[in-house]
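This report concerns only the one structure given below.
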Amino acid sequence: MTAAEFREHGRAVVDWVADYWDRTASLPVLSQVKPGQVRAELPDAPPETGEPFTALLADLDSIVVPGLTHWQHPGFFAYFPSSTSGPAVLAELLSAGLGVQGMLWQTSPACTELEQHVLDWLAGLLGLPERFTFAGSGGGVIQDSASSALLVVLLAALHRKSDGRARTDGVDRGRYRVYASIEAHSSLEKAARITGLGTASVRFIETRADLSMNPEALRTAIASDVDAGLTPVLVMATVGTTSTSAVDPVDRIGPICAEFGAWLHVDAAYAGVAAICPELRWIHHGITDYADSYATNPHKWLLTAFDCDACYVSDRAALVGALSVVPEYLRNSASESGTVVDYRDWQVPLGRRFRALKLWAVIRWYGAEGLRAHIRHSVALAQRFASWVAADDRFELMAPHPLSLVCFRLRGPDEPNRQLLQAINDSGRIYLSHTTVRDTFTLRLAIGGTATREEHVTAAWDLLSRNASELARG
């Protein structure tokens with residue numbers, strides 16, 4: 001593709017994306033295709049000779065778009081948002097066009113130093129302690145997701161707890177234990193499998209009435225394990241659980257971790273970015289005093305295209321010690337000087353792309369004021385929706401809703417709620433997900449999409465209300 005052709009087709013692609021955003025609201029938010037339908041429309045073999053790029057865009061319209069669930073749809077309220085924005089998409093294009101490898105400082109100094117700088121910026125916006133920045137003993141790194149962030153900090157915790165033996169000798173199966181709330185993300189179980197600890201090493205801690213981790217139950221569990229000769233390695237506190245957005249009491253969990261020498265990781269994948277707003281910074285209470293690591297996902301609620309997890313550690317030496325492998329072909333004078341960061345030692349893969357560009361672009365385009373406005377807009381809409389639920393005797397709220405997630409259901413048995421969710425999602429107008437709260441089937445409405453406005457939330461409530469009335473009539 002020549003430069004002239006790239007310009008021509010590049011403009012067409014930008015136009016296509018802009019047109020897609022303009023028409024997304026008119027599409028059914030949940031894909032309507034049947035299993036195998038997309039593959040059935042694709043050729044059995046690749047083309048022998050090259051095809052015009054216009055043919056690809058045509059197939060994008062006729063084959064791909066009908067097979068998508070539209071995460072940027074203003075009626076997408078399922079799971080958590082995976083928001084994107086113009087500056088993030090343009091920065092992704094720049095990253096792809098530059099095509100640099102950021103595995104070592106030397107392989108692209110700007111790739112490394114911009115990431116260090118923008119993550120220090122974000123730490124300041126979130127009110128994180130200085131030790132999580134490069135001015136302190138730690139620093140930040142962009143991972144693909146909070147699951148990867150958890151995996152690398154668990155490796156760092158094992159490295160620290162074993163005095164480095166886990167790196168050379170492997171883990172002593174059956175000896176180590178990790179802890180999280182029963183409401184915690186499944187990534188902890190997966191990380192335990194990958195590290196060789198096994199799922200038997202995971203202890204799930206009961207919750208309090210507000211669905212946050214019970215510190216007393218945590219202390220009892222750790223003390224019991226220690227008495228049995230087991231070693232507590234890591235406790236994962238969650239700020240904004242997936243099911244209900246519960247916030248674990250880090251200020252009470254932290255002293256327990258300090259008492260038993262366990263690494264405290266704070267998983268704030270969804271909710272952490274809310275701390276950009278001073279009035280919501282209470283969600284980080286205790287982090288400054290106790291957390292060893294912290295992760296939040298700008299690609300969820302902060303307008304930054306997937307994938308972009310901001311992972312912070314207070315002790316970068318433990319992370320690098322766990323993950324650094326230096327073959328001869330990667331040796332260079334800059335690395336050996338000890339004056340630079342080589343991010344390949346902060347992650348599982350060797351290679352890494354220039355993800356920092358999109359976070360940098362988003363922060364610069366919106367500014368702190370614009371980012372706060374987006375968070376506050378989402379929270380205000382969620383509170384309005386929750387007020388409608390609370391005022392309707394047919395429905396009940398199932399969990400606290402201080403942020404932008406509302407968990408609710410029809411009063412009574414589970415089956416009408418299952419039918420209501422099915423009817424709503426089949427409508428194509430909005431998309432909700434579900435969970436169980438205290439073993440009760442519960443609907444989730446998560447707000448935070450770039451395009452979601454008050455009229456979309458109002459339409460969602462109207463649709464829920466009408467369908468609830470139809471179910472009642474039978």
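Packing here is the average count of other Cβ atoms within 10 Å per residue, and on that basis the peptides 415-425, 398-408, 6-16, highest first, run 398-408, 415-425, 6-16.
Within the chain, antiparallel bridges make up roughly 55 percent of the DSSP beta bridges whose residues both belong there.
Summary value for region 191-269: 26 percent relative contact order, contacts being C-alpha pairs under 8 angstrom separated by 6+ residues. Solvent-accessible area of region 1-100 (1.4 angstrom probe, protein heavy atoms only): carbon and sulfur portion equals 62 percent.
Here is the list for region 40-127: GluC sites (Glu not before Pro) lying in DSSP coil, each with at most 12 other C-beta atoms within 10 angstrom of its C-beta, are Glu48.
Only Cα pairs under 8 Å and 6+ residues apart enter the sum, and on that basis the relative contact order of the chain stands at 21 percent. Spread over its residues, the convex hull of the C-alpha atoms of region 356-474 is 122 Å³ per residue.
Put a plus charge on the Cβ of each Lys and Arg, a minus charge on the Cβ of each Asp and Glu, and nothing anywhere else: the dipole of region 365-418 about its Cα centre is then about 140 debye. A simple spin-label model places pseudo-atoms 7 Å from Cα toward Cβ; at Ala317 and His117 they are separated by 2.8 nm. Sorted into 5 angstrom bins from 0, the C-alpha pair distances of region 219-347 split as 2, 9, 16, 18, 15, 15, 12, 8, 5, 1, 0 percent. Annotation for region 119-147 versus region 416-474: alpha-carbon center distance of 36 Å. Working note: Debye formula, equal point scatterers on the alpha-carbon atoms of region 345-413, no solvent; log10 I(q)/I(0) at q = 0.15, 0.16, 0.29 Å⁻¹ is -0.69, -0.72, -1.18.
Among beta bridges from DSSP that stay inside region 176-273, the antiparallel ones total about 10%. Charge dipole (Cα centre; +1 on Lys/Arg Cβ, -1 on Asp/Glu Cβ; no other charges) of the chain amounts to roughly 540 debye. Here, region 162-291 is characterised by an Rg to Rh ratio of 0.98, where Rg is the alpha-carbon radius of gyration and Rh the Kirkwood radius. Average accessible surface for the chain: 44 Å² per residue, computed with a 1.4 Å probe over protein heavy atoms with every protein chain in place. From its DSSP helices (H runs of at least four residues, each -39,500 (n - 2.57)), the chain gives a residue-normalised ellipticity at 222 nm of -13500 deg cm²/dmol. Region 1-73 and region 305-358 have Cα centres lying 35 Å from one another.
Note on region 300-434: percent of Cα-Cα distances in each 10 Å bin, starting at 0 and stopping at the bin with the largest distance, equals 9, 23, 22, 20, 15, 8, 2. Extending 7 Å from the Cα toward the beta-carbon at both Thr288 and Val17 defines two label points whose distance is 3.8 nm. Of all lysines in the structure, those lying under 19 Å Cα to Cα from Lys300, and not within fewer than 8 positions of it along the same chain, are Lys358. The relative contact order of region 9-125, computed from alpha carbon pairs under 8 Å that lie at least 6 residues apart in sequence, is 25 percent. Under a model in which nothing but the beta-carbon of Lys, Arg (+1) and Asp, Glu (-1) is charged, region 31-175 shows a dipole of about 880 debye around its Cα centre. Positive end of the dipole of the chain (Cβ unit charges, origin at the Cα centre): among Ala291, Thr195, Trp121, the Cα lying farthest that way belongs to Ala291. Which of the trypsin sites (Lys or Arg not before Pro) across region 112-182 are loop residues per DSSP, with 12 or fewer other Cβ within 10 Å? Those satisfying the criteria are Arg173. Considering only Val65, Ser145, Cys111, the residue lying farthest towards the positive end of the dipole of region 49-162 is Ser145, judged by Cα position with unit charges set on Cβ. The mean of 1/r over all distinct Cα pairs in the chain, once inverted, gives the Kirkwood hydrodynamic radius of 24.0 Å. Based on the Stokes-Einstein relation at 37 °C and a viscosity of 0.692 mPa s, and on the Kirkwood radius from alpha carbon pairs, region 1-102 is assigned a translational diffusion coefficient of 204 µm²/s.
The calculated FRET efficiency for Asp414 paired with Ile182, based on their beta-carbon distance and R0 = 30 Å, is about 0.95.
The values are calculated or read from the model by the stated rules, or taken from the named source; none is laboratory data. What you are looking at is a predicted structure, and each value in this text was computed from that prediction instead of being measured. In this analysis, Cβ positions are derived from the backbone assuming ideal geometry, glycine residues included, and neighbour counts consider all displayed protein chains. These accessible areas exclude ligands, DNA and RNA; they are computed on the full protein's heavy atoms, side chains included. Shrake-Rupley method; radii C 1.70, N 1.55, O 1.52, S 1.80 Å.
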